[in-house]
Amino acid sequence: MRIIRTENYEQMGRQAANLIAAQITLKPDSVLGLATGSSPLSTYRHLIELVRQGDISFDRVRTVNLDEYVGLPAGHDQSYAYFMRTNLFDSVGLDASRTNIPNGLAQDGDAECRRYDELIASLGGIDLQLLGIGLNGHIGFNEPDDVFVQGTHKVKLTDSTIQANKRFFEKEEDVPRYAYTMGIRDIMQARRVVLIASGKGKAETIARAFAGPVTPRVPASILQLHKDFTLVVDADAASLLP
Ligand code: GLP
């Protein structure tokens, strides 16, 4: 595990964008695993800037996103499909045919999970997976559990996640209760993993995940076992790391 400590959120985004840019430079047809939430926004802004300057191109890149809320159509302004289009895809010329995200409206949830795992396999796996981290240590929507769940699956969101995500919705009742998420195996099979975190609010989570035991009660802790894992944290989020 490598740790890159930065001064603040903007620098965290710049460092993560540089790692992704290096990946695209070395392998222009990379498969990128992407994340949503407020953490990746500065990363995506820096990537868009690098594209505008002509330093990198997404022309041959394909993407798979970690997760999607069950029940939200792709056009809903809180769906992760919408988030990705407006915060990255449209600005770097990634059209829908080269991006993938679980279908929140799938009729048959089990079939949708199988389809997603097969899709990742058919792309040849993920070259670089970008992750944020939930306050309870979740990655994607892999919530604390007694076991590490392997493949894409439907999860019931925990109260802590619903509380954390309600800020994006008009009312708490509007927050979907279920989501589809890639599983821990999907994430661990990515050839490189980069997790970003910033702010004092994440400090305890970061210390539990990366300076404590590997346990499914803190799903991100399994990344300690990944062969090519980089943690990019700002000073506040790193403040409780030894
Ligand atoms: C959601 C997403 C996660 C993300 C987490 C943290 O629950 N499913 O992928 O890492 O939120 O979000 P934020 O970056 O806004 O703290």
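The values are calculated or read from the model by the stated rules, or taken from the named source; none is laboratory data. Since the model is a prediction, treat every value here as computed from it, not as a measurement. Positions of Cβ are generated from backbone atoms using ideal geometry, with glycine treated the same way; all protein chains shown enter the neighbour counts. To get the accessible areas, we keep the full protein, side chains included, count just its heavy atoms, and leave off ligands, DNA and RNA. Shrake-Rupley method; radii C 1.70, N 1.55, O 1.52, S 1.80 Å.
Other residues lying with their Cβ under 11 Å from the Cβ of ASP159 contribute a combined charge of +1, Lys and Arg counting +1, Asp and Glu -1. When the GluC sites (Glu not before Pro) in region 1-91 are filtered for DSSP coil states and for at most 15 other beta-carbon atoms within 10 Å of their beta-carbon, the remaining sites are GLU7. Between amide H atoms placed 1.01 Å from N, distances below 5 Å from ILE4 occur with LEU231, VAL232, VAL233, all of them 5 or more places distant or on a separate chain. Each Lys or Arg adds one and each Asp or Glu takes one away; over the other residues whose Cβ falls under 15 Å from the Cβ of VAL193, this sums to +2. For region 170-232, GluC sites (Glu not before Pro) are listed when DSSP marks them as loop and at most 10 other Cβ atoms sit within 10 Å of their Cβ; the list is GLU170. Each Lys or Arg adds one and each Asp or Glu subtracts one; over the other residues with Cβ under 9 Å from the Cβ of ALA179, this totals +1. If both residues of a DSSP beta bridge must be in region 97-242, then about 40% of such bridges are antiparallel.
Would you mind checking LYS171/LYS227; LYS171/LYS202; LYS156/LYS200 for any pair whose Cα atoms are more than 31 angstrom apart? Check vs 31 Å cut-off fails for LYS171/LYS227. Calculated accessible area for the chain comes out at 44 Å² per residue, all protein chains present (probe 1.4 Å; ligands, DNA, RNA ignored). With the simple spin-label model, which puts each label point 7 Å out from Cα in the Cβ direction, the LEU135 to HIS76 separation comes to 2.2 nm.
If the segment from ILE3 to ASP55 were pulled out straight at 0.36 nm per residue, it would be longer than the present Cα-Cα gap by 16.2 nm.
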